[in-house]
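The values are calculated or read from the model by the stated rules, or taken from the named source; none is laboratory data. Only a predicted model underlies this, so the values are computations on that prediction, with no experimental measurement involved. Note: ideal-geometry Cβ built from the backbone for every residue, glycine included; neighbour counts use all protein chains shown.
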Amino acid sequence: LLAACEQVGWEFQVTNGALSIAESLGTDRTSDFVLRAGTNMEITSLGDEDEDLCNVLTAYGPGRGINRLEITLRDDASIAQYGEYPRAVEFDVTTLAGLQAKAQEYLDTHNTPAVAFEAFAAFDHEHEPEYGLGDVVRVADPDTGIVTTARIMSENRERSEERRVG
């Protein structure tokens with residue numbers, strides 16, 4: 001299922017044993033609310049992952065031998081910033097133009113490190129904004145002044161009830 005969805009650019013998720021497949025999961029909630037460090041959330045870990053980074057791509061068509069389609073693409077701006085990250089990938093295309101298009105699309109989506117972070121968002125139950133898996137939200141760090149958009153890739157929710165004796 002993962003390979004099929006990647007091939008057509010769709011997404012899937014399994015929630016409580018139910019499979020959902022869609023062209024795009026989640027909603028753009030960037031104008032609904034802001035997760036702000038120090039106010040309604042804490043960043044618990046932050047990092048750049050370069051395991052999927054590729055800026056020198058050797059793309060192959062299917063098959064073997066001398067007639068196999070092959071092309072090498074380079075992203076010079078990415079190479080200047082991060083150094084060379086070569087990768088070889090096979091694409092299921094039959095024309096050189098198709099291989100060129102698929103290889104460029106792959107290179108465009110893998111030419112920078114993936115920013116990954118974990119955040120703890122704290123809201124009162126009555127004031128919790130509506131958001132969920134796959135949604136795109138705005139995240140602000142007042143210490144650095146950086147405001148970015150991020151996609152919620154996984155979530156855990158905890159509800160607690162505090163009772164005060166007066």
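Quick grid of which residues meet (1) outside any loop (DSSP other than H, G, I, E, B); (2) at pLDDT below 75; (3) among the small types (Gly, Ala, Ser); (4) closer than 18 Å to Thr149 by Cβ:
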site	(1), (2), (3), (4)
Ile21	yes, no, no, no
Leu25	no, yes, no, yes
Asp32	no, yes, no, yes
Arg36	yes, yes, no, yes
Thr39	no, yes, no, yes
Thr44	yes, yes, no, no
Gly47	yes, yes, yes, yes
Asp52	no, no, no, no
Thr58	yes, no, no, no
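Does the stretch 69-77 contain at least one residue that is part of a strand (DSSP E or B), in contact with a Lys or Arg (Cβ under 6 Å, 6 or more places away or on another chain), at pLDDT 90 or above and over 27 Å from Val136 (Cα atoms)? Can you show your working first?
Start the filter on the stretch 69-77 by keeping residues that are part of a strand (DSSP E or B), which leaves 70-74.
From the residues that got through so far, the ones that are in contact with a Lys or Arg (Cβ under 6 Å, 6 or more places away or on another chain) too are none.
No, every residue in the stretch 69-77 fails to be part of a strand (DSSP E or B), in contact with a Lys or Arg (Cβ under 6 Å, 6 or more places away or on another chain), at pLDDT 90 or above and over 27 Å from Val136 (Cα atoms).
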